[in-house]
Structure formats: C-alpha cells, structure tokens
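Quick notes on the structure that follows.
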Amino acid sequence: MQFSDTILALCAQAEAALAPRFAAIDRTAFENTQKVMDAFRRHRVSDALFQSTSGYGNGDRGRDVLDEVWADVMGAEAAFVRHSIVSGTHALTIGLFGLLRPGDILYSVAGKPYDTLEEVIGLGDGHGNGSLRDFGVDYLQTELEADGGFRTGEILRCLRDEPRIRVVFIQRSKGYLNRKTLCVEQIGEIIRAVKGIRPDVWTVVDNCYGEFVETREPTQVGADLVIGSLIKNPGGGMAESGGYLAGTSRAVELAGYRLTSVGIGTEQGASLGQNKPMYKGLFYAPHTVAQALKTAHLAAYIFEQLGFEVEPRWDEQRYDIIQSVITRSEEKLCAFCRGIQQGSPVDAFVTPEPWAMPGYSDRVIMAAGGFTQGSSIELSADGPLREPYTAYFQGGLTYESGKIGILCAAQNLLQGQTAPV
C-alpha cells in the first residue's frame with residue numbers, strides 16, 4: 001500500500017498537532033480500564049464463568065455475574081447483556097416496549113432519532129407491522145437548539161401540558177444528523193430538569209457510540225435506562241453480537257420481561273459459549289475506544305486540511321467515536337467510503353455500492369471491512385445518499401489500522417477516484 005508524499009507529510013503534521021489530545025484520550029482509557037478491572041475483581045470473575053450452557057440456561061452463573069459486572073461498570077442498579085440481541089435498534093426496541101403502555105407518549109427531546117427507529121416508533125408509513133404506534137403509543141419530538149443544546153423551556157412545558165408522556169428519549173450520538181453529540185453532563189442536566197417536575201417519567205438514553213468516551217455514563221447522572229450494542233464500543237471488537245441495557249432495577253426488570261417473557265425476565269437464556277467473548281470485549285473496550293477516538297481525531301485533521309467541513313473539528317472535545325465529513329457530492333461520498341474499504345483488513349478488494357438497506361429511508365453506501373459483520377467499533381464508514389452527502393466514519397480496532405484506512409480515503413479523494421486502485 002503506497003501513499004503519496006503529500007498524504008504522509010499531512011499525516012505527520014496531524015500527529016504532531018494531536019499529541020496533547022492523544023495523551024488525554026490515554027488518560028481516560030486508563031481510568032475506564034481501572035473501573036472495569038475493579039468490577040471484575042469485586043465480582044470474582046474466573047475461568048469457571050466462561051463455561052457454556054444450553055436450553056433454558058437455568059443457573060448460568062457466567063451470564064448472571066456478567067450482568068452484575070455491567071451494572072457496576074455503568075454505575076447502575078441493574079443490567080443485562082445478551083449475545084442474542086442482534087443490534088442497537090433491537091436493544092432499544094426491547095427497552096421502549098418494556099417501559100411504554102397503550103395511551104402513553106414517547107417524547108424524543110434531542111430531535112429525530114436514528115433512521116432505524118422510525119419503523120419501531122411507527123413514523124411515516126411505519127405502522128401495521130407491530131410498531132409502538134400500532135400498540136397505541138403516540139410520539140412527540142423537540143429539536144435541539146442550533147448550538148446543540150436542549151430546548152429546556154419547551155421540554156418542560158410539554159411535560160407539564162401532556163401527562164401521557166411516559167418516556168423521555170435522548171439519543172446521545174448524532175446518528176445521521178449534522179448535529180453535535182451530547183456529553184454526559186448535558187444529559188444529566190436535562191434529566192435533572194425532567195425529574196424535577198415529572199419524577200414519574202422514565203428517562204431513556206440511546207448510548208450507542210458513546211460508551212467509555214468519557215469517564216461517566218448517563219446512568220451515573222440519573223438516566224433510568226441506557227442502551228447500546230456490543231458490536232459498537234462496549235464489545236471491544238471481541239463480542240461478535242449482542243447488546244446491553246442498564247439502569248434502575250425496575251426499568252431493567254421491565255425491559256427483561258420484554259426480552260423473554262413476563263415472569264421469566266433475565267433468569268433464563270442460554271449463553272451458548274458466548275460469555276467469554278463478552279467478558280473479554282468489556283475488558284478491551286476502554287482501550288479499543290481510545291484507538292477509535294485517535295483515528296477519528298486524525299480523520300478530522302486530515303480532511304479539514306483537505307478543505308472538507310468536518311464535525312467535530314480536529315481540536316474539539318468529542319463525546320462519541322463518530323466523525324462526520326461533509327463531501328457535498330454523491331461521487332465524493334462514494335469515493336470516501338471506497339477508500340475506507342480499501343484500507344480495511346477484510347474484503348479490501350470489494351467496491352461498496354449504494355443500496356436500499358433495510359430500515360433506512362434513503363439508499364446508503366457502507367464500507368465495512370471488519371471481522372464481525374456490521375461492527376461499528378471496527379473500521380467502517382457509511383452515509384445516506386442525500387444532501388449534504390455526509391460520510392460518517394467510526395472505529396478502528398487499532399490506531400495503526402485506522403490510520404491506514406484514513407490515508408486510503410484521503411488519497412482516493414485527492415486522486416478523484418470513485419473506485420479502489
């Protein structure tokens with residue numbers, strides 16, 4: 001793999017400028033690793049917990065201790081983590097259906113949720129298939145301010161005026177929107193405001209892409225339920241499937257009833273040999289997230305220098321692993337993603353093409369040359385084919401491999417290519 005002298009010089013310039021940021025990321029990774037290892041020690045994690053169960057999974061000690069470890073790490077009263085949860089959207093569906101009842105209102109206070117939740121909520125044509133709307137759950141939404149802050153006054157008025165609001169939903173990451181990611185402190189402030197006038201309301205946070213980026217999680221600032229996917233940050237690149245839900249005991253209990261059935265909850269569910277990669281993934285997660293963050297900072301610097309608009313900017317504090325690059329054209333978006341694919345460890349020879357991906361309203365181009373299908377903590381990039389043609393980049397199991405992917409994408413764009421060489 002050969003890179004031009006121009007690209008290599010720009011990379012060296014970026015790394016010199018980013019040295020203080022990289023040092024701060026390493027400090028956060030150390031603190032989070034310490035937190036994980038303390039939880040492992042407190043809950044006496046041992047080789048015996050890695051054994052497999054089948055059938056009902058009754059008495060699966062490895063599963064039960066992993067739940068306790070997760071609750072400890074997340075600063076929550078309870079948690080469950082299961083390899084059988086297929087995605088972040090699945091995990092969110094479990095949580096929302098667990099907490100909402102007919103006649104309730106789901107209230108999103110951070111604008112439009114991620115595209116794949118539209119069908120779950122029942123927005124647009126998403127009804128008749130068992131959506132929340134089909135079960136009599138209504139939906140309200142308040143946009144964020146232009147600067148990325150909450151419209152607290154409007155939110156509190158809605159809560160006072162509409163007693164049917166049962167879940168206040170907060171999406172931490174930007175998803176496919178050109179907005180800033182929310183930090184834990186911001187999330188805590190709005191939760192405190194909500195609970196101050198409506199303590200009966202559940203506060204639910206889509207935590208995808210944000211785990212271990214800071215030293216606190218939303219459960220530690222009052223969230224009733226935080227939800228995420230193991231093939232993003234908290235699986236550390238080791239878990240090959242799964243998701244988690246963590247929060248108050250009652251919220252987790254209700255979500256557990258949706259996971260299996262009322263009366264069973266989290267007490268059954270065979271681990272089928274998946275306990276070990278989930279423990280191992282949690283152990284790796286703080287370090288792996290640090291690698292992804294460094295890769296994202298590098299991408300921001302290089303593409304900003306190449307004249308693209310990026311969010312966050314290279315020298316900004318960031319609160320998730322996603323880096324957006326606004327390309328302003330379908331051709332450049334495709335060239336970016338094809339460069340990332342070319343710089344991936346798996347399927348580097350494949351040329352990504354836009355397609356009608358299930359759950360999305362626009363065609364999407366996706367570069368995903370990882371060891372686990374759909375893994376966002378591995379090197380990946382994607383974007384919907386709509387204005388302003390934004391590429392959303394994330395991941396990198398190692399900084400070195402992430403850097404190679406970034407350099408391939410940059411070189412692709414400089415050369416005006418639409419396919420790998």
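Taken together, the values in this text are just the output of simple stated rules run on the coordinates, not laboratory data. Values in this document were obtained by computation on a predicted structure and should not be read as measured data. We place every Cβ from the backbone using ideal geometry, glycine too, and count neighbours over all the protein chains shown.
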For this session: Using amide H atoms built 1.01 Å from N in the peptide plane, name the residues 5+ places from residue 383, or on other chains, whose amide H lies under 5 Å from its own.
Result: 365, 392
Exercise. For the chain, modelled as a Gaussian network with Cα springs under 10 Å, which listed residue fluctuates most, 121, 377, 406?
Worked result: 121
Problem set entry | 26 Å Cα-Cα reach of residue 195 towards lysines, excluding residues that sit fewer than 8 places from it in its own chain | 112, 174, 180
For this session: Could I have the simple spin-label model distance between residue 193 and residue 101, label points 7 Å from Cα toward Cβ, reported in nm to one decimal?
Result: 2.9 nm
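Where does each of 219, 33 land when they are ranked from fewest to most other beta-carbon atoms within 10 angstrom?
Details: 219 23, 33 17.
Ordered by Cβ neighbours within 10 Å, fewest first: 33, 219.
Grab the other residues whose beta carbon is less than 12 angstrom from that of residue 337, score K and R as +1, D and E as -1, and report the net. Don't skip to the answer; put the middle values down first.
Working: positive: 332, 338; negative: 330, 331, 353, 382.
That sum, taken over residues with Cβ under 12 Å, equals -2.
Can you give me the Rg/Rh ratio for the chain, using Cα atoms for both radii and the Kirkwood formula for Rh? Walk me through the numbers before you get to the answer.
Numbers: Rg = 21.0 Å, Rh = 21.8 Å.
Expressed as Rg/Rh, it is 0.96.
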Problem set entry | Neighbourhood charge, 11 Å Cβ-Cβ cut-off, centred on residue 370 and excluding it, Lys, Arg +1 and Asp, Glu -1 | -3
For this session: Would you mind counting up the charge near residue 184? Only other residues with Cβ under 12 Å from its Cβ, with Lys and Arg at +1 and Asp and Glu at -1.
Result: -4
Exercise. Could you give the angle, 0 to 90 degrees to the nearest 10, between helix 152-161's Cα long axis and the longest principal axis of the Cα atoms of the chain?
Worked result: 30 degrees
Exercise. To the nearest 10 degrees, how steep is helix 88-99 against the longest Cα principal axis of the chain, on a 0 to 90 scale?
Worked result: 20 degrees
Exercise. With a Cα-only, solvent-free Debye model of region 49-274, what are the log10 I(q)/I(0) values at q = 0.07, 0.08, 0.09, 0.15 Å⁻¹?
Worked result: -0.21, -0.27, -0.34, -0.97
Problem set entry | Ascending count of other beta-carbon atoms within 10 Å, so fewest first, for 70, 202 | 70, 202
Problem set entry | Cα-based helix-to-principal-axis angle, 61-74 vs the chain, degrees rounded to 10 | 70 degrees
For this session: Would you work out which of 346, 109, 390 lies farthest towards the positive end of the dipole of the chain, given +1 charges on the beta-carbon of Lys and Arg and -1 on that of Asp and Glu, about the Cα centre?
Result: 109
Exercise. Can you give the helix-only mean residue ellipticity at 222 nm for the chain, where every DSSP H stretch with n ≥ 4 adds -39500 (n - 2.57) and the sum goes over all residues, rounded to the nearest 500 deg cm²/dmol?
Worked result: -13000 deg cm²/dmol
Exercise. Nearest-5 percent of antiparallel DSSP beta bridges in the chain?
Worked result: 60 percent
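Based on Cβ point charges of +1 for Lys and Arg and -1 for Asp and Glu, what charge dipole magnitude is obtained for the chain about its Cα centre, in debye rounded to the nearest 20? Working shown, then result.
Values: 39 positive and 51 negative charges, 113 e Å.
Around 540 debye, computed over the chain.
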For this session: Using only the C-alpha atoms of region 296-368, find the volume of their convex hull and express it per residue in Å³.
Result: 116 Å³
Problem set entry | Separation in nanometres of the label points that stand 7 Å from Cα toward Cβ, at residue 264 and residue 363 | 4.3 nm
Exercise. How about residue 35: which lysines have a C-alpha closer than 23 Å to its C-alpha, ignoring those fewer than 8 places off in the same chain?
Worked result: 232, 276, 280, 294
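Using the alpha carbons of region 33-169, what is the convex hull volume per residue in cubic angstrom, as a whole number? It would help to have the intermediate numbers written out before the result.
On the way: hull volume 22.9 nm³, N = 137.
Considering the Cα atoms of region 33-169, their hull volume per residue is 167 Å³.
For residue 315 and residue 143 in the same chain, what is the full-extension length gain: residue separation times 0.36 nm, less their Cα-Cα distance, in nm?
Values: separation 172, 0.36 × 172 = 61.92 nm, distance 2.63 nm.
Stretched out fully, the residue 315 to residue 143 stretch lengthens by 59.3 nm.
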For this session: Please report 200, 206 as a ranked list, fewest other C-beta atoms within 10 angstrom at the top and most at the bottom.
Result: 200, 206
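Which of the peptides 386-396, 140-150 is most tightly packed, and how do the rest follow, going by the mean number of other Cβ atoms within 10 Å of each residue?
Listed from highest to lowest mean packing, they are 386-396, 140-150.
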